[in-house]
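So the structure is just underneath, and the comments pick up after that.
The values are calculated or read from the model by the stated rules, or taken from the named source; none is laboratory data. None of the values given here were measured: they were computed from a predicted structure. Glycine gets a Cβ as well: all are built from the backbone with ideal geometry, and neighbour counts include every protein chain shown.
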Amino acid sequence: MAGLLERHGRPLRLGIVGGGPESWIGRLHRGAAELDGWWRCAAGVFSNDPARSRAAGVALGFAPQRSYGTVQEMLARERERSDGIDAIAIMTPNDTHYAFSAAALDAGLDVVCDKPVTHDFKEACDLVGRVARGGRLFAVAHGYTAYPMTRYARHLVRDGTLGRLRLVQVEYIQSGMATRVEDGPQNNRFNWLLDPKRSGLALVMSAIGCHTQHLASFVTGLPVARVVADVGTLLPGRTVVDYVSAMLAMGDGTRGTFTVTQAAAGGENDIRLRVYGDKGMLEWWHRDPSYLRLAMHGEMAKVIARGDPFLPPEIIALGRTPRGHPEGLREAFANIYAEVAQDRMARTLGEALPALPYPRIEDGAHTMAFIEACLSSQASGRWEDVAPLPG
Ligand SMILES: NC(=O)c1ccc[n+]([C@@H]2O[C@H](COP(=O)([O-])OP(=O)(O)OC[C@H]3O[C@@H](n4cnc5c(N)ncnc54)[C@H](O)[C@@H]3O)[C@@H](O)[C@H]2O)c1
């Protein structure tokens, strides 16, 4: 892999979809993509209003002729250029993800898409098929599983350090909807978030439940097989879902608990994971993302840090600054962008590359099946199976 960018001869060119000047996640995506030099943000569409989109592109520093009014226009014009985009990154309201992804894949581009990948499992399976048929790459922006310490957590599970898994506990507690935001001043963001047709099958799952389930499945290496869920609202009278708590049966029978809410006053992006095996447990918390706690039964607990010299080289390589200097979500996103670029460049050059762990469309589709199973369980009051991917 060393020298891959040089052998490829140029960074990949990214078309941005969404993430206008007022969107924090837009700034994070663009910065992450360019952080290590694998990508250049070359073009974009930043609003559903063509005039605003063009103006926003210029305000963000994009060339006026590559600040487009619509996604269709960007795909058509970029295809005509000798230096056209190689991929698009989607960070628009949730109801647009499927159509923009499908259009880009059909145009022969790779996709980095924010979550949820689609409205439902059926659409996600359709994208799985398009990716496979077109030989394209599709990454999902699950930053939490791209931190060095969540990657190392997965490594510890895989190499048997924890022994046979018994229990996974995962939660994501936020306060963004702890008050009646429905009754406050509205803006474009609330307009789509508070409309279930636009934000997804269950708002809290589209917003943070996706990340939470993916973190548990990624670190344990286990999909969720069955679920019994309490899906509802913590704030009386709310029409969008702000709370889901569930018991999980993972693929191998490991038990799990899952809680997500955006309506916990005082909560602050508290995503936390604990995995217990028959030999010990590990714990990771997003407030302190560069550290992982490992407690083996009957022994003194250890705190492992990003940059510790005994870590495997592929884990050390995911960090950029010496131990003790903070890194965060931008760097985690940059790891996803770096891996997608390496995957694409290696394929273009016909070089073999070990499988890279960035989240893929299959992961996004499993999440959609998980969300549907939670909703089915709420309706039936029983355990429900999570649909497997076709084929
Ligand atoms: N991965 C993460 O950690 C994370 C964090 C926050 C948000 N997100 C995701 O990012 C997406 C956007 O969320 P947000 O909070 O930034 O929303 P937002 O409403 O603040 O921003 C949406 C942006 O998309 C633009 N837009 C809307 N329609 C468009 C269209 N048709 N074409 C091009 N641009 C269009 C808007 O102008 C705006 O700039 C959501 O899917 C959300 O789930 C992901």
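In this structure, does R130 turn out to be part of a helix (DSSP H, G or I) and within 20 Å of the chain's Cα centre (by Cα)? The answer is yes for R130. Only one entry of H155, H119 meets the criterion of being part of a helix (DSSP H, G or I) and either within 15 Å of the ligand (Cβ to nearest atom) or surrounded by fewer than 24 Cβ atoms within 10 Å (Cβ to Cβ) (or both), and that entry is H155.
Being part of a loop (DSSP other than H, G, I, E, B) and either among the charged types (D, E, K, R) or over 30 Å from D230 (Cα atoms) (or both) is a description that does not apply to E372.
Check whether at least one residue in region 171-192 is within 16 Å of the ligand (Cβ to nearest atom), small (G, A, S) and either buried (at least 22 other Cβ atoms within 10 Å of the Cβ) or closer than 27 Å to L294 by Cβ (or both), and report yes or no. For region 171-192, residues within 16 Å of the ligand (Cβ to nearest atom), small (G, A, S) and either buried (at least 22 other Cβ atoms within 10 Å of the Cβ) or closer than 27 Å to L294 by Cβ (or both): absent. Taking residues in region 9-22 that are in contact (Cβ under 8 Å) with a residue 12 or more places away in the chain and part of a strand (DSSP E or B), and partners anywhere that are near the ligand (Cβ under 9 Å from one of its atoms) and charged (D, E, K, R), the pairs with Cβ atoms closer than 9 Å and at least 6 places apart or on different chains are G18/D114.
Quick check: is even one residue across region 87-94 more than 26 Å from T367 (Cβ to Cβ), buried (at least 17 other Cβ atoms within 10 Å of the Cβ) and either near the ligand (Cβ under 9 Å from one of its atoms) or modelled with pLDDT of 95 or more (or both)?
Checking region 87-94: not a single residue is more than 26 Å from T367 (Cβ to Cβ), buried (at least 17 other Cβ atoms within 10 Å of the Cβ) and either near the ligand (Cβ under 9 Å from one of its atoms) or modelled with pLDDT of 95 or more (or both).
For region 120-140, a residue qualifies if it is under 19 Å from A355 (Cα atoms), among the small types (G, A, S) and in contact with a Phe, Trp or Tyr (Cβ under 9 Å, 6 or more places away or on another chain), and exactly one does: A139.
Evaluated against (1) surrounded by fewer than 16 Cβ atoms within 10 Å (Cβ to Cβ); (2) within 9 Å of the ligand (Cβ to nearest atom), L28 falls short on exactly one condition, (1).
Of the candidates R77, R54, R81, the single residue that is of a type in the set (D, E, K, R), away from the ligand (no atom under 16 Å from the Cβ) and over 20 Å from the mean Cα position of the chain (by Cα) is R81.
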